[in-house]
Amino acid sequence: MTAPGLVLVAHGTRSAKGVQTIATLAEAVTTELDAGTTPLDVAAGATPWVRTAFVDVLGPSPAEVLRDVASPAGESAAAVVVPAFLASGYHVYQDVPRAVADSGHPAVAITPAMGPDTALARIMAMRLRAAGWSYGDAVVLAAAGSSDARARSDVRRAAALLAERLGAAVRIGYIATGAPRVPDVVAASRAAGASRVFIASYLLAHGLFQQRLHEAGADGVAEPIGVHPAVVRLIAERYQFAAREMASARAR
């Protein structure tokens, strides 16, 4: 059986830099799968194709990509959809499954979202230090936010993983949806006695939300998680686990 393709689904952005990040990430995942360096091994076959799709703001949508790659038999066009989201909110629980259903594609598996994960916490800690953070400085984890309680739970888990990694307290602030807002948390940290406050960006790529963080009054703002070998491996492993499950189901 030919290995299923991979559809990497991200949140759309009008930022050219953000779109390029997703494209670069997809290229890196293709290289990772081609090298076969990830722990799980997919059944023999050519390196799977990797396509990108977006929910909101711009296209192509997951449904459009899946329609484009579908074959009548479905065998050679099987696909694994990996949501490149750091928390599982409305887009992961509603938009992505709906898009898969609307596509009419006969053979698709959807993996869990990327985060929270210890690999992401390691990258955030590295980005914070690169921004000038040192032990004793206050930390605010900045997330986009969601009205979905499951997404907020994921963000709390991400903050706990970062706190464990840093050995320091981490407060949470939201950029777009929910409270408290990032500027309010920065101000509260200063009021509590912090002489320096740094923002850990719990965002995947550059865009409007990342720009807003630089207006929140912090002493430093870490770069988004972006393209990093640990992110590439995380996506590849999500894909490979789902691909193996698909192969096992077909063999039964």
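The values are calculated or read from the model by the stated rules, or taken from the named source; none is laboratory data. As the structure is a prediction and not an experimental result, all values here were calculated from the model. Cβ: placed from backbone, ideal geometry, glycine included. Neighbour counts: every protein chain shown. Please note that ligands, DNA and RNA were not included when accessible areas were found on the heavy atoms of the full protein model with its side chains. Shrake-Rupley method; radii C 1.70, N 1.55, O 1.52, S 1.80 Å.
Summary table
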| quantity | calculated |
| --- | --- |
| Residue match in the stretch 209-230 (condition: at positive phi, assigned to a loop (DSSP other than H, G, I, E, B) and either open to solvent by less than 40 Å² (accessible area, probe 1.4 Å) or aromatic (Phe, Trp, Tyr) (or both)) | yes |
| Count of the stretch 146-178 residues which are part of a loop (DSSP other than H, G, I, E, B) and either modelled with pLDDT of 95 or more or within 14 Å of ILE199 (Cβ to Cβ) (or both) | 5 |
| Subset of the stretch 180-208 [open to solvent by 80 Å² or more (accessible area, probe 1.4 Å) and of a type in the set (Gly, Ala, Ser)] | ALA191, SER195 |
| Residue satisfying all of: in the stretch 210-220; of a type in the set (A, V, I, L, M, F, W, C) and over 19 Å from the mean Cα position of the chain (by Cα); farthest from ALA143 (Cα to Cα) among these | ALA218 |
| The stretch 1-23 residues that are more than 24 Å from PRO48 (Cβ to Cβ), paired with ones that are buried (at least 21 other Cβ atoms within 10 Å of the Cβ) (beta carbon under 7 Å, 6 or more apart) | THR13/ALA205; THR13/GLY207; SER15/GLY207; GLY18/ALA205; GLY18/GLY207 |
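Residue-wise test of (1) under 13 Å from the mean Cα position of the chain (by Cα); (2) open to solvent by less than 10 Å² (accessible area, probe 1.4 Å); (3) farther than 25 Å from GLU245 by Cα; (4) of a type outside the set (Ser, Thr, Tyr).
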{"site": "VAL96", "(1), (2), (3), (4)": "no, yes, no, yes"}
{"site": "HIS105", "(1), (2), (3), (4)": "no, no, no, yes"}
{"site": "ILE123", "(1), (2), (3), (4)": "yes, yes, yes, yes"}
{"site": "TRP133", "(1), (2), (3), (4)": "no, no, yes, yes"}
{"site": "ALA142", "(1), (2), (3), (4)": "no, yes, yes, yes"}
{"site": "GLY145", "(1), (2), (3), (4)": "no, no, yes, yes"}
